[in-house]
Amino acid sequence: MITGFVALYIFMLAAFTGYEIIGRVPAILHTPLMSGSNFVHGIVLVGAMVALGHSHGFWQTLIGFIGVVLAAGNAVGGYVVTERMLEMFKTSKD
Amino acid sequence: MGFWDFTVQASYFVAAVLFILGLKRMGSPKTARNGILWAGAGMVLATVVTFWHPSMEAGFFRYFLIVLAIAIGGIGAWISGKRVQMTAMPQMVALYNGMGGGAAAAIALVEMYSGAAWTHGTGVLALAILGAIIGAVSFSGSLIAWGKLEGVDWMKFSLPKAHIINGVVAAASVIVGLMLLTADDPSVFMITLLLALTLALGVLVTNPIGGADMPVVISLYNALTGLAVAFEGFVLSNPAMIIAGTVVGAAGSLLTLLMAKGMNRSISNVLFAGFGVEDGAQAEGPEGEMKSVEAFDAAASFAYSDSLIIVPGYGLAVAQAQHKLWEFVQALQKEHDVDVKFAIHPVAGRMPGHMNVLLAEAGVPYDLIFDLEEINSEFPNADAALVIGANDVVNPAARTDESSPIYGMPILDVDKAREVYVIKRGKGTGFSGVQNGLFFGENTRMVFGDAKQVCTDLAAGLKQL
């Protein structure tokens, strides 16, 4: 388990990383970036897979199944719309 | 540590690095496209190795279910994501985000129903419960946000004494959460009750918020989903979830603050008071004569200017006029050698950067597009400014009139340009309900009509010169 102060340190450092990453972003990219960060929390898919992977009984399995469907939607949908938006950004030199 | 355990952990590490580098690359227009590819590679890697995760129990049926669920969610999202219009992007992001929140809540439920959440100590249990609450609120709240922006009628309702009901449901959620935290032998009933309460809470909290504030709410739910994912990552001892979730939680919180600041609203203001509430009283505004001209005359004036700054608003996108506008601008640049720039207010469109996406879709290169801070000093030197479908973001009252509801909001100083042209459907006010003094200005000319039609007429006008 990742517990106690080690957990706290990881949380704190990751939070600073997220804060720093967005601090220097021009406003023109805010929408794609919101969408991109939405894609990144699609990593919940791996957790949902594990939850379904060790669920027992009908109800746990059903909830786990719904969780994986939702998480896959988050990851794939987030990727597709972010990619579509970013693909359109080009300069007049291109 | 066995071979597969090592492989899984190493892959999660690589995925976390790819997520952070990917997000960083998304922060600059040059590398942004590349950034999503990096993050995408991390996601595929993490997903594939998870089939060999040590916590997975064997069984063909189990693996079949996982693959089936990924296929259902993935294919559905792929098709909807490819089809969605760029103007509908904010609500689509809300929908995908809600799904992530729902998934985090589902993980918490499985761990709680099985009792596993009670085996790791109070700290981890608290995170499991907190993740369940946040995830469920984000799930149902995002669905309501989606429904509001999409205009889904059956989702519309209003409750009497909404803030009292909200308070009761919120308090009940906290109490049930605390009871679960201190329970030795958690009952299925209590866990289900927590789920029901928190799902209701998301609906109730989001429902009274006006459509104009919805982008801030979507961004807030995005950050909350990130947090919920991180918390469930602690429950499952999954570092990839912890790091990716926390990074998104922090980045999303900052993004939410930036958005609210751009709209001159505080987060608590957005959440606890609808913009429409005080609008009942008609604000007194400047009056006078609006001077209207034909598109042809405006086109002629632009053709003989040296510099033109265009301010596009959401009205431009609603009219789907961005392609016609870009055709007109290209003609101005090539045949009349006019220096054309686009000025974008932080909240143009439905969320920050939305207008940039809409212009990019029409083929406008991003080096012609400028932020408020970059361009405001250039208006006094511009021969002409053209406002299309924007209103409140160019209202000088935000600078001068302390009694105005939009006082203090940063605006584009369009009124300082030598000549101002405004394309507008009619004589109405913006969503804040405030009359705009710019439209009555000495140097302002109004071109009334549908934005797409006017842009077509402008281009036709150029050809007649």
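The values are calculated or read from the model by the stated rules, or taken from the named source; none is laboratory data. Keep in mind it's a predicted model, so treat the numbers as computed, not measured. Neighbour counts are summed over all protein chains in view; Cβ atoms, including those assigned to glycine, are modelled from backbone coordinates with ideal geometry. Ligands, DNA and RNA are stripped out before the accessible areas are found, and what is left, the full protein with its side chains, is counted by its heavy atoms. Shrake-Rupley method; radii C 1.70, N 1.55, O 1.52, S 1.80 Å.
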May I ask you to say which residue of B:GLY177, B:GLY131, B:GLY167 is buried (at least 23 other Cβ atoms within 10 Å of the Cβ) and farther than 24 Å from B:VAL318 by Cα?
B:GLY131
Can you work out which of the residues in the stretch A:43-61 that are closer than 14 Å to B:PHE64 by Cα and open to solvent by 10 Å² or more (accessible area, probe 1.4 Å) is farthest from the other protein chains (Cβ to nearest Cβ)?
A:THR61
Can you tell which of A:VAL6, A:VAL40 is part of a helix (DSSP H, G or I) and more than 7 Å from chain B (Cβ to nearest Cβ)?
A:VAL6
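Would you mind stating whether B:ILE243 is β-branched (Val, Ile, Thr) and at pLDDT 85 or above? Show your work before the answer.
Working: β-branched (Val, Ile, Thr): yes; at pLDDT 85 or above: yes.
Yes, satisfied.
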Qualifying residue in the stretch B:2-16 (condition: without any contact (Cβ under 8 Å) to a residue 12 or more places away in the chain and among the charged types (D, E, K, R))
no
When every residue in the stretch B:108-120 that is more than 7 Å from every other protein chain (Cβ to nearest Cβ) and at pLDDT below 95 is compared, the one farthest from the chain's Cα centre (by Cα) is B:THR119
Can you name every residue in the stretch B:304-325 that is farther than 14 Å from B:VAL422 by Cα, assigned to a helix (DSSP H, G or I) and open to solvent by less than 10 Å² (accessible area, probe 1.4 Å)?
B:ALA317, B:GLN322
Mind checking which helices (runs of 4 or more DSSP H) fall wholly inside the stretch B:1-98 and carry at least 2 residues that are in contact with an Asp or Glu (Cβ under 8 Å, 6 or more places away or on another chain) and more than 21 Å from A:PHE65 (Cα to Cα)?
B:32-50
When the stretch B:92-122 is checked residue by residue, the ones that are crowded, with 24+ Cβ neighbours inside 10 Å and more than 19 Å from A:ALA75 (Cβ to Cβ) are B:LEU109, B:GLU111, B:MET112, B:ALA117
Could you tell me whether the stretch B:326-334 includes any residue that is basic (Lys, Arg), within 14 Å of chain A (Cβ to nearest Cβ) and not in a helix (DSSP H, G or I)?
no
Filter the stretch B:294-348 for residues that are among the polar types (S, T, N, Q) and in contact (Cβ under 8 Å) with a residue 60 or more places away in the chain; the one that is nearest to B:CYS455 (Cα to Cα) is B:GLN320
